[in-house]
Amino acid sequence: MRVMRIAVLAAAAAMAACGGGSGPASRSADTGPLTIGLLLDTLDTERWQRDRDLFVARVEELHAKVEVRSGDGTHAGQLQAARELLDAGVKTLVVVANDLEQGKEIVELAAERKVPVISYDRLIRDADVALYVSFDSVKVGRMQAEALLTAAPKGNYVLLGGAPTDNNAKLVRDGQLEVLEPAIASGAVKVVADPWVDNWDATLARDATNAALKKTPSIAAVLASNDSTATGAAEALSAHKLSGKVALSGQDADLAACQRIVAGTQTMTVYKPLRSLARMAAGSAVSLAKGETVDSLVKVHNGHKDVPARLLEPIAVDKSNIDVTVISDGYHQKEAVYQTGA
């Protein structure tokens, strides 16, 4: 497993709200609004729909426009969509990469047009990325493992990783193992299964959890790396009449996960304030499109270079603080989380 080297540890949370760059423009302004390309992996999940809407709104506030494309969950689809965006004349390309290794082909295509690429949420490896904007994924993994160890300090654990093509999935696993290793070494915790789940797919996560339960019926915790994989795990646990009896983690604060938390069938999720991330990325994209420099307090090595980065702080959410985090921020309505029917 390759672990990214973080050269400077700092989360530029204060920079998130403004999301802009500094320095004079290095080329004359184009006529008409600048066009930014937003290239997503998929639009099939709640998470990426939210990112899209927040990103587009901020770019439009900055008097630019956005062309949005999705790769429909494949690298080939993303590569074709990247060509379409570049042909449309985008001045900056913001990419949520489907594949952390093959994504460099998209960066190379953009470089041929002298278009800078921002890696959004997932870092593209071995490529000349202009900027990386995300949350601290290692910390996400730590938060998940800490919460489950508190809920289930002993017993058999299933580790449900995310997509093996997503660098964030590997960083989350690094954080999880960092926290779990002492308990594993002492024998308090035994990892009985640790599958990776292609495309973070809920159905595949359900199947992997079912397979683990068939092999080892007595499970204390399922360390699911995001809420999609947690959804699959929750379905498997329910089928085995283990809902609420097995600690279960997640990430992204999806509505279904928040509903499970208040119902007692999911232990926690990790909330990542997407408004801050999307606005920061949008401001940076417009600045780069204008030829301006973008400030960064963090460098993250991607195998090719130390990539300037802006990493925001994630927030661990459970039943005790869901009202003052996810609901207070307006990310979900209280009535929807608690399913009161309003």
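The values are calculated or read from the model by the stated rules, or taken from the named source; none is laboratory data. Quick caveat, the model's predicted, so the values are computed rather than measured. Note that each Cβ is placed from the backbone with ideal geometry, even for glycine, and that neighbours are counted across all protein chains shown.
Against the numbered list (1) of a type outside the set (A, V, I, L, M); (2) out of contact with any Gly (no Cβ under 8 Å at 6 or more places or on another chain); (3) part of a helix (DSSP H, G or I), Arg58 comes up short only at (2).
Matching residues to (1) surrounded by 23 or more Cβ atoms within 10 Å (Cβ to Cβ); (2) under 21 Å from Asp53 (Cα atoms); (3) out of contact with any helix residue (DSSP H, G or I) (no Cβ under 7 Å at 6 or more places or on another chain):
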{"residue": "Pro273", "(1), (2), (3)": "no, yes, yes"}
{"residue": "Ala281", "(1), (2), (3)": "yes, yes, no"}
{"residue": "Val298", "(1), (2), (3)": "no, no, yes"}
{"residue": "Gly303", "(1), (2), (3)": "no, no, yes"}
{"residue": "Val307", "(1), (2), (3)": "yes, no, yes"}
{"residue": "Leu311", "(1), (2), (3)": "yes, yes, yes"}
{"residue": "Val317", "(1), (2), (3)": "yes, no, no"}
{"residue": "Asn321", "(1), (2), (3)": "no, no, yes"}
{"residue": "Val324", "(1), (2), (3)": "no, no, yes"}
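Screening the range 32-49 for residues that are within 15 Å of the chain's Cα centre (by Cα) and in a strand (DSSP E or B) and picking the one that is nearest to Ala163 (Cα to Cα) gives Leu40.
Picking from Ala82, Ala145, which residue would you name as being aliphatic (A, V, I, L, M), at pLDDT 95 or above, under 21 Å from the mean Cα position of the chain (by Cα) and outside the structural domain of Gly303 (by TED's automatic domain parsing)? Answer to the selection: Ala145. You will find that of Ala257, Ala253, Ala230, the residue that is in a loop (DSSP other than H, G, I, E, B), of a type in the set (A, V, I, L, M) and closer than 22 Å to Glu313 by Cα is Ala253 and no other. The single residue among Asp323, Asp318 that is out of contact with any Gly (no Cβ under 6 Å at 6 or more places or on another chain), free of Cβ contacts under 8 Å to residues at least 24 places away in the same chain and acidic (Asp, Glu) turns out to be Asp323.
Taking the options Glu105, Glu146, Glu67, Glu101, name whichever one is touching a helix residue (DSSP H, G or I) at 6+ places or on another chain (Cβ under 8 Å), surrounded by fewer than 24 Cβ atoms within 10 Å (Cβ to Cβ), closer than 18 Å to Leu171 by Cβ and among the acidic types (Asp, Glu).
Values: Glu105 fails: closer than 18 Å to Leu171 by Cβ; Glu67 fails: closer than 18 Å to Leu171 by Cβ; Glu101 fails: touching a helix residue (DSSP H, G or I) at 6+ places or on another chain (Cβ under 8 Å).
Just a single option satisfies the conditions, and that option is Glu146.
How about the range 266-295: which of its residues are touching a Phe, Trp or Tyr at 6+ places or on another chain (Cβ under 9 Å) and not charged (D, E, K, R)? Show your work before the answer.
Restricting attention to the range 266-295, the residues satisfying the condition of being touching a Phe, Trp or Tyr at 6+ places or on another chain (Cβ under 9 Å) are 270-275, 277-279, 281-282, 285.
Hits for the range 266-295 are Val270, Tyr271, Pro273, Leu274, Leu277, Ala278, Ala281, Ala282, Ala285.
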